[in-house]
Amino acid sequence: MSAAQRTIVIRPATEADWPSVWSILSSVVAAGCTYTLEPELSESNAKAYWMGPGLSVYVAENDGEIVGTYTLKANQRGLGSHVANAGFMVRPGLDGRGIGFQLGEHSLVQARAAGFQAMQFNAVVSTNHRAIALWQRLGFAIVGTVPKAFRHRQLGLVDLHIMHRFL
């Protein structure tokens, strides 16, 4: 285990964390490679999307710096509310340090504790090989593919995967 992995603390996000979360979110979304959100997303719309009502939001800290974040919610309302959904972001430049894996593990524990029976990701970009490998290591399977459903900023139209696992 690396020093970064040993010092990561994952905790519920607070309002005071928003500037750090926004710096991560705005960078990831602007790249146009991994999230279906519009790259020009405004800060107010981003905050409503990431930290709005009905979301459980967590941040990962390394030596006091927020290095990642995730949101957890029901994938659907009503009769589909037993399946969780989550979104994850790691500060650009810190990939490969195990932060995403730790966020993923944490989210599975939190989803189980909240009473969810499964977790589903609705839009994993097929060219995001690191994310796909990470989710597969955490027990997710690709259960469907939507052809050319994502306008990748560099590659044009690429597929989106739907990934799922029982908790």
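Read-outs throughout are calculated quantities, based only on the coordinates presented, and are distinct from any laboratory measurement. The structure presented is a predicted model; accordingly, all values stated were derived computationally and were not measured. Note that each Cβ is placed from the backbone with ideal geometry, even for glycine, and that neighbours are counted across all protein chains shown.
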By the Cα gyration tensor axes a ≥ b ≥ c (a/c under 1.5 gives rounded; else a/b larger than b/c gives prolate, otherwise oblate), the shape of segment 29-82 is oblate
Which of the peptides 49-59, 116-126, 8-18 is most tightly packed, and how do the rest follow, going by the mean number of other Cβ atoms within 10 Å of each residue?
116-126, 49-59, 8-18
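Under the classification rounded if a/c is under 1.5, otherwise prolate if a/b is larger than b/c and oblate if not, where does segment 3-117 fall, given a ≥ b ≥ c as square roots of the Cα gyration tensor eigenvalues?
Because a/c hits 1.5 or more and a/b fails to exceed b/c, segment 3-117 counts as oblate.
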